[in-house]
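The values are calculated or read from the model by the stated rules, or taken from the named source; none is laboratory data. Just so you know, these numbers come straight off a predicted model, no measurement behind them. In this analysis, Cβ positions are derived from the backbone assuming ideal geometry, glycine residues included, and neighbour counts consider all displayed protein chains. Side chains are part of the model used for accessible areas, which takes the heavy atoms of the whole protein and leaves out ligands, DNA and RNA. Shrake-Rupley method; radii C 1.70, N 1.55, O 1.52, S 1.80 Å.
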Amino acid sequence: MSDLYSKEWFKDFVDDFEYLYFCESDKISEDGKQIINSLGIKVNNNVCREYEENIIKKDHLDKGIIDDIVVAWKAGRLKREGDNYEIEMKDGNYLNGYGRTIKSNELKDYLNKVPKIDSIDEEKFEIEYKKYLDAGPVPNNFGAVYIINLMYFKSSGKWPIYDKFAHKALKAILMEKSPGEIWVGDAPLKAETDKVTNMYLEYCWLLNCLFGSKEIDRKIDRALWVYGHATKRKE
């Protein structure tokens, strides 16, 4: 792998892309606009830096706490109301990222049954994942990525969060392609444990290749998510 497509190359743009994660389209600096225009990036994130750092990270991730806030955050269903945030709901129920209903009583019951994390060994992922699958019943429209999200918070980030766009960014960097040239399929059905395990361990392997560990901080994860939306290669 050339020096251009390495961890050191990533460091050169991580600040710029991480910055774009929090910016509304009409408030991006001129430099930010140039980055978006040159790489064809279109992102949609409604959470500000202060909320993510204080509520999501300090109050939940650092403490290993899960609740409906972390589910809504992953689904992109937190709406800003002045200085506060509210969970976007429909008829008293939660919504996933595709706008499909997650019944409120089913989610709350499931979250109360989610077990602790016993191992962060990659060889034990399938065992840990099955524990979360079997803790159920898992609500309808609450798929594998949302289960992994709970593992992420319960482990305080030791099991990395999974996202399709971050996966695309990692493969693009290592393959010296643009993210727009990379195909990453949708996550398997939550009960397809073999496929979920293969998808997730590939993602962990890519993280290890670039960063020497599957445990990355939120700044890097946010930058990967943004770059994964690019249609052109960062030169």
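Which one is surrounded by the fewest Cβ atoms within 10 Å (Cβ to Cβ) among residues in segment 118-144 that are hydroxyl-bearing (Ser, Thr, Tyr) and in a helix (DSSP H, G or I)?
Tyr129
No other residue among Phe142, Phe125 is within 21 Å of the chain's Cα centre (by Cα), of a type in the set (Phe, Trp, Tyr) and over 18 Å from Gly64 (Cβ atoms) apart from Phe142.
So in segment 191-219, with the set limited to residues that are among the aliphatic types (A, V, I, L, M) and open to solvent by less than 40 Å² (accessible area, probe 1.4 Å), which one is nearest to Ser155 (Cα to Cα)? Working first, answer last.
Filtering segment 191-219 down to residues among the aliphatic types (A, V, I, L, M) leaves 191, 196, 199, 201, 206-207, 210, 216.
Subset that is open to solvent by less than 40 Å² (accessible area, probe 1.4 Å): 196, 199, 206-207, 210, 216.
Numbers: Val196: 18, Met199: 19, Leu206: 20, Leu207: 17, Leu210: 22, Ile216: 13 Å.
Selected residue: Ile216.
In the set (1) open to solvent by 50 Å² or more (accessible area, probe 1.4 Å); (2) at pLDDT 95 or above, the condition left unmet by Tyr94 is number (1).
Yes or no, residue by residue, for (1) among the basic types (Lys, Arg); (2) modelled with pLDDT of 95 or more; (3) closer than 26 Å to Ile56 by Cα:
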{"site": "Lys130", "(1), (2), (3)": "yes, yes, yes"}
{"site": "Asn149", "(1), (2), (3)": "no, yes, yes"}
{"site": "Tyr152", "(1), (2), (3)": "no, yes, yes"}
{"site": "Lys158", "(1), (2), (3)": "yes, yes, yes"}
{"site": "Tyr162", "(1), (2), (3)": "no, yes, yes"}
{"site": "Glu176", "(1), (2), (3)": "no, no, no"}
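Within segment 64-117, being within 18 Å of the chain's Cα centre (by Cα) and either among the hydroxyl-bearing types (Ser, Thr, Tyr) or part of a loop (DSSP other than H, G, I, E, B) (or both) holds for Gly64, Ile65, Ile66, Asp67, Gly76, Arg77, Asn96, Gly97, Tyr98, Gly99. Gly157 fulfils the conditions (1) over 26 Å from Lys108 (Cα atoms); (2) in contact (Cβ under 8 Å) with a residue 60 or more places away in the chain; (3) part of a loop (DSSP other than H, G, I, E, B) except for a single criterion, (1). Of the residues screened, Tyr110 is not one that is crowded, with 16+ Cβ neighbours inside 10 Å, in contact with a strand residue (DSSP E or B) (Cβ under 7 Å, 6 or more places away or on another chain) and either under 28 Å from Ile216 (Cβ atoms) or among the charged types (D, E, K, R) (or both). In this structure, is Gly185 of a type in the set (Gly, Ala, Ser) and crowded, with 20+ Cβ neighbours inside 10 Å? So Gly185 fails the test. Looking only at segment 215-231, decide whether some residue is of a type in the set (Phe, Trp, Tyr) and either in a loop (DSSP other than H, G, I, E, B) or within 25 Å of Lys131 (Cβ to Cβ) (or both). Checked against the condition, which is being of a type in the set (Phe, Trp, Tyr) and either in a loop (DSSP other than H, G, I, E, B) or within 25 Å of Lys131 (Cβ to Cβ) (or both), segment 215-231 yields no hits at all.
Close Cβ contacts (under 7 Å, 6 or more residues apart or on different chains) running from residues in segment 171-182 that are under 13 Å from Ala230 (Cα atoms) and in a helix (DSSP H, G or I) to residues that are open to solvent by less than 70 Å² (accessible area, probe 1.4 Å) and among the charged types (D, E, K, R) comprise Pro179/Lys168. Among residues of segment 220-235 being open to solvent by 30 Å² or more (accessible area, probe 1.4 Å) and over 27 Å from Ser119 (Cβ atoms), the one that is nearest to the chain's Cα centre (by Cα) is His229.
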